[in-house]
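Okay, structure first, notes after.
What follows is calculated from the coordinates using simple rules that are stated; it is not laboratory data. Values in this document were obtained by computation on a predicted structure and should not be read as measured data. No Cβ is skipped: glycine too gets one built from the backbone with ideal geometry, and neighbour counts run over all protein chains shown.
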Amino acid sequence: MKKFDVAVLGAGIAGLTTVYFSINEGFKTVLIDPNIPGREGSYNSVGILTRQLYTKREILLAIESISILNEIIPDIDTITYDRRFITIEDEKTAFQDYRFYRKIFTDVDIYYYGELPSDLSSINLHVNEAILISYKDLMVNTREVLRKIYESIVGNENLIEYRVKAEKISEYDGEGYTIYLENGETIRSSNVVLALGAWNKYFIEKNKIYLPISTYACIAVRLEINGSIPISGSDEVNYLYWMIEGKSRLVAGEYHQSTPITRPDKTDDIKLENREKSVIKSLMDRFKNIKELRLKEYIVGPCSFPIGKRPLYKELMKSLFLIDGLSGYGFTLAPALAKEAIDSITSKT
Ligand SMILES: Cc1cc2nc3c(=O)[nH]c(=O)nc-3n(C[C@H](O)[C@H](O)[C@H](O)COP(=O)(O)OP(=O)(O)OC[C@H]3O[C@@H](n4cnc5c(N)ncnc54)[C@H](O)[C@@H]3O)c2cc1C
């Protein structure tokens, strides 16, 4: 039976970055996923990595993840649309958030109604609203990010890949775990990192472990624009976010459009027709220089929402790590959690 130091289950953003750190530490690593790496859940991510988040822990993870992606992909600027990000909020919340962010990172400004700089003057800001702007975030082409991370690990002498589904894992037996694969093979690993995204919950249920996670389909739309939007951002007043992908395209979504699903592979059942209508209306209301927005495609993928604080990261059992509960923020949080998992394994060996 083949033996490894680290087994990584799942090859999305969480699994691929875990493998990156694992092989760099010199661990004999196995990556298990039945699908082409980076082609499932993470493939449909929009690509906003902002530090304008809700808790100090999340912000620190975002700072670390941005730095990690800059390290793994030295030419990341070639697949980056912008580094600036705005949040529109009511004046009071914006001021509170501004003070909170300033304690953690300094490249953030606040603009009140009637004070917008000329490059943001096409935003319809209302009385009692304000804008926060940060300058060192990342708006990226996520499919290219995944491809480039995979390129940086594939062929490494410390990495073996199995393109097969993991069925279940054994109990810890004092030395490690046995992983049972769908093709009947079994492998051994001293450490296991579960990076199965929305599939974690269903996989781990077989080991009689309950994860406090709800599974949702996150939905976004890719739109052609006739006109212009000056910057990527989120509108917390209207529960809307958008990312500009060049002169004539953007992706956008509304937080409340996330829809509960019974299993991650059930996203095909969701009715998508007309989902773009309210997104288009909100964007047209918010920006002055849009003549037309036309639907190019719907984007939908499974997301795992923790019941409680985000993310759900922990050592589930001895040497069994879980990266989960990333909600719509997997690119922003997972690379840093991947590093934490491998750092924990390193510190024990
Ligand atoms: C529309 C949309 C917009 C989003 N926008 C953003 C954004 O702007 N910024 C951001 O940070 N995040 C965003 N997200 C969230 C982000 O995409 C997810 O949080 C992230 O992709 C989760 O990554 P993951 O590696 O945990 O899981 P996944 O990418 O889902 O990877 C899990 C992997 O596990 C594999 N797998 C499943 N079962 C098994 C098994 N039994 N054995 C082996 N392998 C298995 C799957 O094939 C898959 O490759 C968005 C998501 C969606 C859907």
Give the residue that is nearest to the ligand (Cβ to nearest atom), with candidates limited to residues of region 201-247 that are among the small types (Gly, Ala, Ser), within 24 Å of Val300 (Cβ to Cβ) and touching a strand residue (DSSP E or B) at 6+ places or on another chain (Cβ under 6 Å). Ala220
Out of the residues in region 295-328 that are of a type in the set (Gly, Ala, Ser) and within 13 Å of the ligand (Cβ to nearest atom), which is surrounded by the most Cβ atoms within 10 Å (Cβ to Cβ)? Gly325
Look through Lys201, Lys208 and report the one residue that is basic (Lys, Arg) and more than 23 Å from the chain's Cα centre (by Cα). Lys208
Within region 196-215, does at least one residue satisfy the condition of being surrounded by fewer than 23 Cβ atoms within 10 Å (Cβ to Cβ), closer than 30 Å to Phe287 by Cα and touching a helix residue (DSSP H, G or I) at 6+ places or on another chain (Cβ under 7 Å)? no
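List the strands (runs of 3 or more DSSP E) that sit entirely inside region 136-243 and contain at least 1 residues that are touching a residue at least 40 places away in the same chain (Cβ under 8 Å) and aliphatic (A, V, I, L, M).
On the way: elements: 138-140, 159-162, 166-169, 177-181, 186-194, 213-227, 233-235.
Result: 138-140, 159-162, 166-169, 177-181, 186-194, 213-227.
Which is touching a residue at least 12 places away in the same chain (Cβ under 8 Å), assigned to a helix (DSSP H, G or I) and under 26 Å from Asp324 (Cβ atoms), of Phe21, Phe95?
Details: Phe95 fails: under 26 Å from Asp324 (Cβ atoms).
That would be Phe21, the only listed residue that is touching a residue at least 12 places away in the same chain (Cβ under 8 Å), assigned to a helix (DSSP H, G or I) and under 26 Å from Asp324 (Cβ atoms).
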Working only within region 30-74, note down all residues that are under 30 Å from Lys168 (Cβ atoms), part of a loop (DSSP other than H, G, I, E, B) and within 8 Å of the ligand (Cβ to nearest atom). Asp33, Pro34, Asn35, Pro37, Gly38, Arg39, Glu40, Ser45
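Tell me yes or no: at least one residue of region 264-278 is assigned to a strand (DSSP E or B) and within 17 Å of the chain's Cα centre (by Cα).
First, pick out the residues of region 264-278 that are assigned to a strand (DSSP E or B): none.
Looking for residues that are assigned to a strand (DSSP E or B) and within 17 Å of the chain's Cα centre (by Cα), one finds none in region 264-278, hence no.
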